[in-house]
Every structure is written in structure tokens, then in C-alpha cells.
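The values are calculated or read from the model by the stated rules, or taken from the named source; none is laboratory data. This is a predicted model, so every value here is computed, not measured. Neighbour counts run over all protein chains shown; Cβ positions are idealised from the backbone, glycine included.
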Amino acid sequence: MGTQLPSTEFDGTDTDDRREAQAEAVLGDPDVPMVQLLRPDGTLGTDPVFSEYAARLDAGTLKGFYADMAKIRRFDVEATALQRQGQLALWVPLTGQEAAQIGSGRASQPQDYIFPTYREHGVALTRNVDLAELLRQFRGVSNGGWNPKDTNFHLYTLVLAAQTPHAVGYAMGIQREQKLNPTGEKAAVMVYFGDGASSEGDVHESMVFASSFNAPVVFFCQNNHWAISVPTTVQTRIPLSNRAKGYGFPGIRVDGNDVIAVHAVTEWALDRARRGESPVLIEAFTYRVGAHTTADDPTKYRGSEEEAQWRAKDPLERLEKYLRAEGLADDAFFEQVKADGDELAAYVRKTTHDLETPDIRQAFANTYAEAHPLVAEELAWFEDYSAGFADEAADAEDSGTQGTATDGAASR
Ligand SMILES: Cc1ncc(C[n+]2csc(CCOP(=O)(O)OP(=O)(O)O)c2C)c(N)n1
Ligand SMILES: [Mg+2]
């Protein structure tokens, strides 16, 4: 027999059947190794490499993980309410992904630099970003909201995967500085992206560069199973973590709803990157329990059964069970966490209401460093156009009607 050409396997007739089989292989196959320490029932399992990391976590740290996860979930509820009340143009919920974000964020060190997507509110919390500042962009009063230099937490990026080449470039910069100053404190970069973004060419190019130059970078992919209405099975035929093999660095799948395992794996990966051993890809296997954004309705593309299955793997509930069973936290602790969450919610509600609408002329002024005739012309046009609404604005003021953040806002 001569050499056989590989089959393309695509004859277009069995797409749905294949998708189902593939979904099992990629998503539900127990043979696909996944690091898990804290099981959904709240008991602690073992892992030959990562149990050691878990053993180092004291009661205070574990309670801190819980407090952070509860806080960010409460914040998520508040921000969703603010959007529904017209105070934010859009909100991107994170519920379900708390362990992936708090576990990884808490594993980073202050000197590390983080590149988020647009959903990393939990990571922002771990980097001490003021969560009220984070809402400025979603209210449309700022292009960013916080100064990344204060926390080494970069501004949100809405263009899918655009932050991955930025991150690798930044990591290569750090690498060169570390070579120039070998006795200094070592740092790494961690870049977040989603299962959908993993299909972007930017991710491929970033991984090639990271591997070729051995950049100190950790790629943290939150596989939350959906890219708006597109399931992960359309993005990949193999576990996303396996892709790292093709680039020549380690890839590891971790239970993204297990804060202890996520913390352990990320600590290991960042250490490795800081030591200059290699980049690492982490795939945090998790689920977006809510809508993609407040402009999305997931009932249009997925079943409630799937959602129920994932709710049973809730990251907060399993840690609460563990803390209670081990006698590490009591009712008083959980009541305090709830009170702290309510206090945070009241703070962000008040600060959001108080955010002032910026002067639109600032947007024109920020276009170029120096004055530009085209920008001046566009500003003149805009002012002329706005003047046409002067009567309406005066009427609104007389009748006490106020605009809200959603007036004229485009939804994504
Ligand atoms: C380059 C680019 N293409 C398309 C979009 C529109 N878009 C915004 S979010 C999204 C889905 C992203 O899914 P995923 O990467 O899995 O992240 P998740 O939203 O699930 O956290 C798409 C297609 C975009 N923002 N940028
Ligand atoms: Mg996704």
C-alpha cells in the first residue's frame, strides 16, 4: 500500500453528529487531564504536583479567597442593576468565573504586569483597582478609568486578543531589563483571553513570539464555554491547553471553578516564567453563568440544563463547604463577608451616580498631541450640530428630565 493522504474528515453531511461527539471529547471527557484539588462537594483531593502548593495556604488566605469571590459577585450584581437602571451603558458579568479570576490574580505578585480582557473584574480586585473607577468606562465617561501604572493592571481591551501581542512585547521588555539587572526582583506578565479569542491570529502570533524568545509570560485562557452564542466546540477540536504543545511550552488545564487549584497552577506558571524557563498556557475550565453582556440573552442559544449543571459546580459554594467542614470559618465570618459586600455595593452605587459627564471637547483635544486642522473642522461641525438641540436641552432642564448613561449608547 502506498502512502495514505490524511483525510480531511469534512464531508459536510454529519456536522451535528460530529459536533456532539467532539463536544464530549473536548468538554466532558474525564480522560482529559485537569488539575482539581477542591471538588464540587467541598472535599479536598490530591495532586502529585499541586497538593504541595495547596498545603501552603493557611486559613486566613483561604478565607481571603472566599471573601474576594463573594465581594466580586456582589459587585457584579450591583453593576448589573446599575446598567438596568440606566446608570451604565453596558455591563459584562463575571458570575461563575470568580475562582478562575481570584485564584490567578492572587497568585500574581505586585511586580508582575497583567493584561486583562473586559471581564476581569475579579483580577482587578486582586490588583487593588478601585472598582468604582472600573465602572467609568462602562458609564462612558472615560476611555480607561484607572492608571495602570498604579497597580500593574492594564486597561481593559475590547478588541479580542489585541492584548496578547501587547503582553508578549511587554514580557520581552521585562526580559531584557532582567538580563541587564540580574540581581533585581524578577517579574512576569500574565495575559487573559477567552476561548473565543483563542481563535484570533493574534494569539497564535503571540505564542510563536513568546516561545521563540522564551518570554516570561503566562497565557491565561478562561474557557467559559461560550463566545457570545458560539460554543467552544466550534473554536477547537482538542482541549485548548493542548495547543501549547505545538508552540513548545507547557499547557495545563485546571478546574477554573476551584480557586485552590487555579491559585496553585498559576503560582507554578508565574514562577516558571519569572525564572525564564518558559511561557505557560493555562486553560481554566469554567463557565459563564450569566449573559455575555447586559445586551445578550443566553436563552436564545443554550439550554437551562447546561446552566444548572454548572451551577452545581459553583466556586463559592464549594469553598464555603470546605471552610465550614474544616472548622476554618463560622456563621459570623460569612455574615461579615455579606456585610462587606453590601458596603462595597453602596460605595460603587454612590460613586457611579456622582461621576460627572466629561466635556466632549476633551475627546477632540485628545486625538493628537498637537492641534490638527481636520480635528478642528470636525469639532466645529459637532458644535454646530449640537447647537441644534439647544431648545430640547432647555426644555429638559425646565421639566427636570435628566439624561442617563444609556442615552444614545450603542450596545455591543
Ligand atoms: C476582534 C473582535 N472581533 C469580534 C468582537 C466582538 N466580540 C466581543 S466579545 C466576543 C466573544 C468573545 O468570547 P471569548 O473570547 O470566549 O470571551 P468571553 O466573552 O466569553 O469572556 C466577540 C465575538 C470583538 N470585540 N473583537
Ligand atoms: Mg468565552
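What pairs come out if I take residues in the stretch 225-238 that are outside the structural domain of A291 (by TED's automatic domain parsing) and pair them with residues that are more than 11 Å from ligand 1 (Cβ to nearest atom) and modelled with pLDDT under 95 whose C-beta lies under 8 Å away, six or more apart or interchain? Cβ pairs passing all conditions: none.
Summed over the stretch 372-386, residues that are surrounded by 10 or more Cβ atoms within 10 Å (Cβ to Cβ) and more than 40 Å from the chain's Cα centre (by Cα) total 0. Are any residues in the stretch 188-199 touching a Phe, Trp or Tyr at 6+ places or on another chain (Cβ under 8 Å) and near ligand 1 (Cβ under 8 Å from one of its atoms), and if so, which ones? Residues satisfying the conditions are F193, D195, G196.
Condition check ((1) assigned by TED's automatic domain parsing to the domain that holds T294; (2) within 18 Å of C221 (Cα to Cα); (3) within 16 Å of ligand 1 (Cβ to nearest atom); (4) of a type in the set (D, E, K, R)) across all residues:
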residue	(1), (2), (3), (4)
F138	yes, no, yes, no
S142	yes, no, no, no
N181	yes, no, no, no
H204	yes, yes, yes, no
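Looking only at residues in the stretch 207-234 that are farther than 23 Å from G122 by Cβ and assigned to a helix (DSSP H, G or I), the one that is farthest from the chain's Cα centre (by Cα) is S212.
Conditions tested, residue by residue: (1) under 30 Å from I260 (Cβ atoms); (2) assigned by TED's automatic domain parsing to the domain that holds L94; (3) in a helix (DSSP H, G or I); (4) out of contact with any Phe, Trp or Tyr (no Cβ under 8 Å at 6 or more places or on another chain).
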site: E317; (1), (2), (3), (4): yes, yes, yes, yes
site: G327; (1), (2), (3), (4): yes, yes, no, yes
site: A332; (1), (2), (3), (4): yes, yes, yes, yes
site: V337; (1), (2), (3), (4): yes, yes, yes, no
site: E343; (1), (2), (3), (4): yes, yes, yes, yes
site: A346; (1), (2), (3), (4): no, yes, yes, yes
site: Y368; (1), (2), (3), (4): no, no, no, yes
site: L374; (1), (2), (3), (4): no, no, yes, yes
site: L379; (1), (2), (3), (4): no, no, yes, no
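Being at pLDDT 95 or above and of a type in the set (S, T, Y) is a condition met by no residue of the stretch 127-148.
Listed by first and then second residue, the pairs with beta-carbon distance under 6 Å, at least 6 apart or on different chains, first residue in the stretch 241-270 and assigned to a loop (DSSP other than H, G, I, E, B), second among the hydroxyl-bearing types (S, T, Y) and buried (at least 24 other Cβ atoms within 10 Å of the Cβ), are G256/T286; N257/T286.
Mind checking which residues of the stretch 185-232 are more than 28 Å from N257 (Cβ to Cβ) and among the small types (G, A, S)?
A187, G201, S211, S212, A215
Checking each residue in the stretch 276-299 for being out of contact with any helix residue (DSSP H, G or I) (no Cβ under 7 Å at 6 or more places or on another chain), in a loop (DSSP other than H, G, I, E, B) and within 30 Å of K63 (Cβ to Cβ) picks out R288, G290. Where helices (runs of 4 or more DSSP H) fall entirely within the stretch 48-150, those with at least 2 residues that are more than 12 Å from the chain's Cα centre (by Cα) and among the hydroxyl-bearing types (S, T, Y) are at 51-55, 59-84.
Residue selection: P279 satisfies the criterion of being within 30 Å of V230 (Cα to Cα) and either more than 16 Å from ligand 2 (Cβ to nearest atom) or touching a Pro at 6+ places or on another chain (Cβ under 8 Å) (or both). Among the conditions (1) crowded, with 24+ Cβ neighbours inside 10 Å; (2) farther than 29 Å from K321 by Cα; (3) more than 16 Å from ligand 1 (Cβ to nearest atom), F209 misses just one, which is (1).
Mind counting the residues in the stretch 123-150 that are among the hydroxyl-bearing types (S, T, Y) and out of contact with any Gly (no Cβ under 6 Å at 6 or more places or on another chain)? Counting residues in the stretch 123-150 that are among the hydroxyl-bearing types (S, T, Y) and out of contact with any Gly (no Cβ under 6 Å at 6 or more places or on another chain) gives 1. Residues of the stretch 177-217 that are more than 16 Å from ligand 2 (Cβ to nearest atom) and of a type in the set (D, E, K, R): E177, K179, E185, K186, E205. When the stretch 153-179 is filtered for residues that are outside any helix (DSSP H, G or I) and either closer than 22 Å to A107 by Cβ or in contact with a strand residue (DSSP E or B) (Cβ under 6 Å, 6 or more places away or on another chain) (or both), the ones remaining, listed by number, are F153, H154, L155, Y156, T157, A161. Looking at the stretch 113-136, which of its residues are within 16 Å of ligand 1 (Cβ to nearest atom) and of a type in the set (D, E, K, R)? Across the stretch 113-136, the qualifying residues are R119, E120.
Might you check whether a residue that is more than 27 Å from L319 (Cα to Cα) and either out of contact with any Leu (no Cβ under 8 Å at 6 or more places or on another chain) or free of Cβ contacts under 8 Å to residues at least 12 places away in the same chain (or both) occurs anywhere in the stretch 116-130? Within the stretch 116-130, not a single residue is more than 27 Å from L319 (Cα to Cα) and either out of contact with any Leu (no Cβ under 8 Å at 6 or more places or on another chain) or free of Cβ contacts under 8 Å to residues at least 12 places away in the same chain (or both).
Could you grab me the full set of residues in the stretch 180-190 that are of a type in the set (A, V, I, L, M) and part of a loop (DSSP other than H, G, I, E, B)?
Within the stretch 180-190, A187, A188 qualify.
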